[in-house]
Amino acid sequence: MGADRRAPRLDPAPPHWPDRQALVAWGRHLGASLAAAVAASAGASAVVTLSGEVGAGKTTLVRAICEGAGVPDLDAVTSPTFAILQEYPAPVGPVVHADLYRVRSPHELAALGWDEVMATAPLLLVEWPEVAAGTFPSGTLHLRLAHVPDDPDRRSVTVPAGVGEAA
Ligand SMILES: Nc1ncnc2c1ncn2[C@@H]1O[C@H](COP(=O)(O)OP(=O)(O)O)[C@@H](O)[C@H]1O
Ligand SMILES: [Mg+2]
């Protein structure tokens, strides 16, 4: 209640323990509304972080967001093996997909040109955002994905309060 007043309103709210299909449907919806919001005002941008262990569904959700945002080549949306940053052309401009799993320090992050990415990407989707904590603008949407005990086909999606934003 008022704890995270600056977080964007999520409409619809994340589904409760979605299966893959429900997660993807929600992600498409989210991608479409983020792209619409970015397109609606000049200079606007949107940042989404996705935390959670390996297999939690981060890349699955990134791909769904990209689909909703109109990225035509969804096969390109993968967990990058070498590339830490990938760019996918979209109507809203390049969607940037960062996977910071292998980035060990804020120094390494800066060397990647992180400031530039944050300043220019109209839509930025970040897996393993922990190393970049403190660099995200207010209004960043932080999502946490997790496995559900005893149900391999479902995941939980939560919006943790107060993570990673610049003071
Ligand atoms: N409800 C679900 N939501 C998302 N992924 C699911 C779900 N159930 C099973 N899966 C599977 O879990 C895996 C998630 O992989 P991925 O999206 O690459 O995760 P991460 O990027 O977090 O490592 C995929 O193989 C996907 O098919
Ligand atoms: Mg991944």
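Neighbour counting of Cβ atoms within 10 Å sorts the residues Glu87, Glu127, fewest neighbours leading, into Glu87, Glu127.
Taking Pro149, Pro89, Pro137 in turn, the Gaussian network model of the chain (Cα-Cα springs below 10 Å) assigns the largest fluctuation to Pro149.
In terms of its C-alpha gyration tensor, the chain has a rounded overall shape, because the principal axis ratio a/c (a ≥ b ≥ c, square roots of the eigenvalues) stays below 1.5. Summary value for region 91-167: 30 percent relative contact order, contacts being C-alpha pairs under 8 angstrom separated by 6+ residues.
Give me the percent of DSSP beta bridges within the chain that run antiparallel, rounded to the nearest 5. Percentage antiparallel, nearest 5: 40. Out of every Cα-Cα pair that region 80-167 contains, those further apart than 20 angstrom amount to 41 percent.
The ranking of Phe82, Phe136 from fewest to most other beta carbons within 10 Å of each one's beta carbon is Phe82, Phe136.
Grab the beta carbon distance between Glu130 and Leu74, set R0 = 25 Å, and tell me the FRET efficiency rounded to 0.05.
Using R0 = 25 Å, I get an efficiency of 0.40.
Where a number appears in this text, it was derived from the coordinates with a stated rule and is not lab data. Worth saying up front: this structure is predicted, and the values here are computed from it rather than measured. Quick reminder, even Gly has a Cβ in these numbers, built from the backbone with ideal geometry, and neighbours come from all protein chains shown.
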